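This report refers to the structure that appears directly beneath it.
The values are calculated or read from the model by the stated rules, or taken from the named source; none is laboratory data. Just so it is clear, the model here is predicted, and its values are computed rather than measured. Every residue, glycine as well, gets a Cβ built from its backbone with ideal geometry; the counts of neighbours run over all protein chains shown. Calculation scope for accessible area: heavy atoms of the full protein, side chains included, ligands and nucleic acids excluded. Shrake-Rupley method; radii C 1.70, N 1.55, O 1.52, S 1.80 Å.
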Amino acid sequence: MRNPILASSGTFGYGLEFASLVDLNQLGGIVVKGLSRNPIAGNPAPRIVETASGMLNSVGLQNVGVEAFIRDKLPALAKLDTPVFANVFGYAVDDYVAVIRALEQAEGPAGYELNVSCPNTHCGGMQFGADAALLGEVVAAAKAAARRRPLIVKLSPNVTDIAAQARAAERAGADAVSLINTLQGLAVDAAARTPRLGGGYGGLSGPAVKPVALRMAHQVAQAVSIPVIGMGGIACGEDAAEFLLCGASAVQVGTASFWDPARPAAAVRELDDFLDKHKIASAAELIGALRMPGP
Ligand SMILES: Cc1cc2nc3c(=O)[nH]c(=O)nc-3n(C[C@H](O)[C@H](O)[C@H](O)COP(=O)(O)O)c2cc1C
């Protein structure tokens, strides 16, 4: 990657929708919307609602399905001069494996990001990412399928001990971990006595989650020896620097693209400005350099 700032999954479409607004090649990478075995129509509207310093979404993992992605999106994405990562999800281990196997036959993706914040329909709907054994099972199967490309495991923050989940992913063969996905939340319309989102509960993202995400990135970076990719509320270059200091080697910008599609590319320039201002030779010098108070 030419720089450590990527656009995050689900907040940047399939990347191509943004091509007329920003020079995609300025980004360190693009993670496309989550891909499933079959197309998914998603949840009823409204799907997003603004909250204090954040956003709650319940998109319901709408996507075109892996075959249509390979046929209709990947050829144009493959021409970009920036790595494109395929975000993959499923409701059973077999689903994840099927999506990766299909992508393995195609040219274009630089790697895979496994979204494990999905209910496992074979285990009473428990999230893959919420249980170390389930997580290990899906990561090991995905790793065996991903022969050509690296596997990033995107951790769920809706757990008690995210470091333990990161270690389980590393043990099962993850090449890197990314975090955080959205935090489960609920927005209520008091007058109507209903949830504000058509799908009921939603996922919280944006500046509101940044302190939680920084704490989790710091804990995970201490727990594993594979690279960590941080995200959650990043909106500018200095936010990115904060995650690097916590031990992330790269970061992703998500919700900020909803208020300014040029934010990921702007954050790249702002991170350079931050390095210049503080006379730091390269972003790599920031990684893990946070000075925490002693016990
Ligand atoms: C509307 C929306 C859709 C998302 N869809 C996905 C998805 O398909 N797969 C995934 O792994 N994460 C998905 N995410 C999570 C983001 O990639 C990111 O992890 C999270 O929003 C935190 O970063 P942020 O605060 O910068 O948005 C989605 C987030 C939003 C707001």
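It is to be established whether one or more residues within segment 93-109 are within 16 Å of the ligand (Cβ to nearest atom), in a loop (DSSP other than H, G, I, E, B) and out of contact with any Ser or Thr (no Cβ under 9 Å at 6 or more places or on another chain). Spell out the reasoning first.
Narrowing segment 93-109 to residues within 16 Å of the ligand (Cβ to nearest atom): 95-96, 99-100, 103, 109.
Next, only the ones that are in a loop (DSSP other than H, G, I, E, B) stay: 109.
If we keep only those that are out of contact with any Ser or Thr (no Cβ under 9 Å at 6 or more places or on another chain) too, we end up with 109.
Within segment 93-109 (the criterion being within 16 Å of the ligand (Cβ to nearest atom), in a loop (DSSP other than H, G, I, E, B) and out of contact with any Ser or Thr (no Cβ under 9 Å at 6 or more places or on another chain)), the answer is yes, since at least one residue qualifies.
Condition check: at pLDDT below 95 and either in contact with a Pro (Cβ under 9 Å, 6 or more places away or on another chain) or charged (D, E, K, R) (or both). Does residue 94 satisfy that?
On the way: at pLDDT below 95: no; either in contact with a Pro (Cβ under 9 Å, 6 or more places away or on another chain) or charged (D, E, K, R) (or both): yes.
No.
Of the numbered conditions (1) crowded, with 23+ Cβ neighbours inside 10 Å; (2) over 25 Å from residue 163 (Cα atoms), residue 116 satisfies every one except a single condition; which is it?
With (1) crowded, with 23+ Cβ neighbours inside 10 Å; (2) over 25 Å from residue 163 (Cα atoms) applied to residue 116, the lone miss is (2).
So that you can scan it fast, the table gives a plain yes or no per residue for (1) of a type outside the set (Val, Ile, Thr); (2) surrounded by 17 or more Cβ atoms within 10 Å (Cβ to Cβ):
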| site | (1), (2) |
| --- | --- |
| 99 | no, yes |
| 102 | yes, yes |
| 107 | yes, no |
| 133 | yes, no |
| 144 | yes, no |
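Six or more apart or on different chains, Cβ atoms under 6 Å: show the pairs whose first residue is in segment 54-75 and touching a residue at least 24 places away in the same chain (Cβ under 8 Å) and whose second is more than 14 Å from the ligand (Cβ to nearest atom).
65/38; 66/102; 70/106; 74/106; 74/108
Is it true that some residue in segment 235-249 is open to solvent by less than 50 Å² (accessible area, probe 1.4 Å), among the acidic types (Asp, Glu) and away from the ligand (no atom under 16 Å from the Cβ)?
Checked segment 235-249: no residue is open to solvent by less than 50 Å² (accessible area, probe 1.4 Å), among the acidic types (Asp, Glu) and away from the ligand (no atom under 16 Å from the Cβ).
When the residues of segment 1-16 are filtered to those that are part of a loop (DSSP other than H, G, I, E, B) and under 16 Å from residue 69 (Cβ atoms), which remaining residue is farthest from the ligand (Cβ to nearest atom)? If you could, list the steps in order and put the result at the bottom.
Just the residues of segment 1-16 that are part of a loop (DSSP other than H, G, I, E, B), to begin with: 1-4, 8-15.
After this cut, where a residue has to be under 16 Å from residue 69 (Cβ atoms) as well, the list is 9-10, 12-15.
Details: 9: 4, 10: 2, 12: 9, 13: 10, 14: 11, 15: 13 Å.
Per the stated criteria, the residue is 15.
Test residue 86 against the stated conditions and say whether it is within 15 Å of the ligand (Cβ to nearest atom), at pLDDT 95 or above and not in a helix (DSSP H, G or I).
Working: within 15 Å of the ligand (Cβ to nearest atom): yes; at pLDDT 95 or above: yes; not in a helix (DSSP H, G or I): yes.
Judged against the criteria, residue 86 is a match.
Give just the number: which of (1) buried (at least 18 other Cβ atoms within 10 Å of the Cβ); (2) of a type in the set (Ser, Thr, Tyr); (3) under 25 Å from residue 157 (Cβ atoms) does residue 53 not satisfy?
Failing condition for residue 53: (1).
Quick one: what pairs do we get from segment 266-295, first residue open to solvent by 30 Å² or more (accessible area, probe 1.4 Å), second among the aromatic types (Phe, Trp, Tyr), C-beta under 8 Å, 6+ apart or different chains?
Between residues of segment 266-295 that are open to solvent by 30 Å² or more (accessible area, probe 1.4 Å) and residues that are among the aromatic types (Phe, Trp, Tyr), the close pairs are 280/274.
Pick from segment 56-95 the residues that are of a type in the set (Phe, Trp, Tyr) and more than 16 Å from the chain's Cα centre (by Cα): which of them is surrounded by the fewest Cβ atoms within 10 Å (Cβ to Cβ)?
The initial filter retains those residues of segment 56-95 that are of a type in the set (Phe, Trp, Tyr), namely 69, 85, 89, 91.
Now restrict to residues that are more than 16 Å from the chain's Cα centre (by Cα): 69, 91.
Numbers: 69: 25, 91: 17.
Ranking the candidates gives 91 first.
Taking only segment 10-22 into account, find how many residues are surrounded by fewer than 19 Cβ atoms within 10 Å (Cβ to Cβ), in contact (Cβ under 8 Å) with a residue 40 or more places away in the chain and closer than 13 Å to residue 79 by Cα.
Of the residues in segment 10-22, the ones surrounded by fewer than 19 Cβ atoms within 10 Å (Cβ to Cβ) are 13, 16-17, 19-21.
Adding the requirement that they be in contact (Cβ under 8 Å) with a residue 40 or more places away in the chain leaves 16, 21.
Keeping just the survivors that are closer than 13 Å to residue 79 by Cα gives 16.
Residues that pass the stated criteria total 1.
Yes/no per residue for (1) within 16 Å of the ligand (Cβ to nearest atom); (2) open to solvent by 40 Å² or more (accessible area, probe 1.4 Å); (3) modelled with pLDDT under 95:
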{"position": "111", "(1), (2), (3)": "yes, no, no"}
{"position": "124", "(1), (2), (3)": "no, yes, yes"}
{"position": "149", "(1), (2), (3)": "no, no, no"}
{"position": "186", "(1), (2), (3)": "yes, yes, no"}
{"position": "197", "(1), (2), (3)": "yes, no, no"}
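Considering only segment 275-283, I want to know if a residue exists there that is over 19 Å from the mean Cα position of the chain (by Cα), of a type in the set (Ser, Thr, Tyr) and farther than 16 Å from residue 181 by Cβ.
If we filter segment 275-283 for residues that are over 19 Å from the mean Cα position of the chain (by Cα), which is where we start, we get 275-283.
Now drop any that are not of a type in the set (Ser, Thr, Tyr), which leaves 282.
From the residues that got through so far, the ones that are farther than 16 Å from residue 181 by Cβ too are 282.
Yes, that holds for at least one residue.
Taking the condition of being part of a loop (DSSP other than H, G, I, E, B), in contact (Cβ under 8 Å) with a residue 12 or more places away in the chain and within 16 Å of residue 219 (Cβ to Cβ), how many residues in segment 136-173 meet it?
Start the filter on segment 136-173 by keeping residues that are part of a loop (DSSP other than H, G, I, E, B), which leaves 146-150, 155-161, 172-173.
Adding the requirement that they be in contact (Cβ under 8 Å) with a residue 12 or more places away in the chain leaves 146-150, 155-159, 172-173.
Still in the running and within 16 Å of residue 219 (Cβ to Cβ): 155-159.
So the answer is 5.
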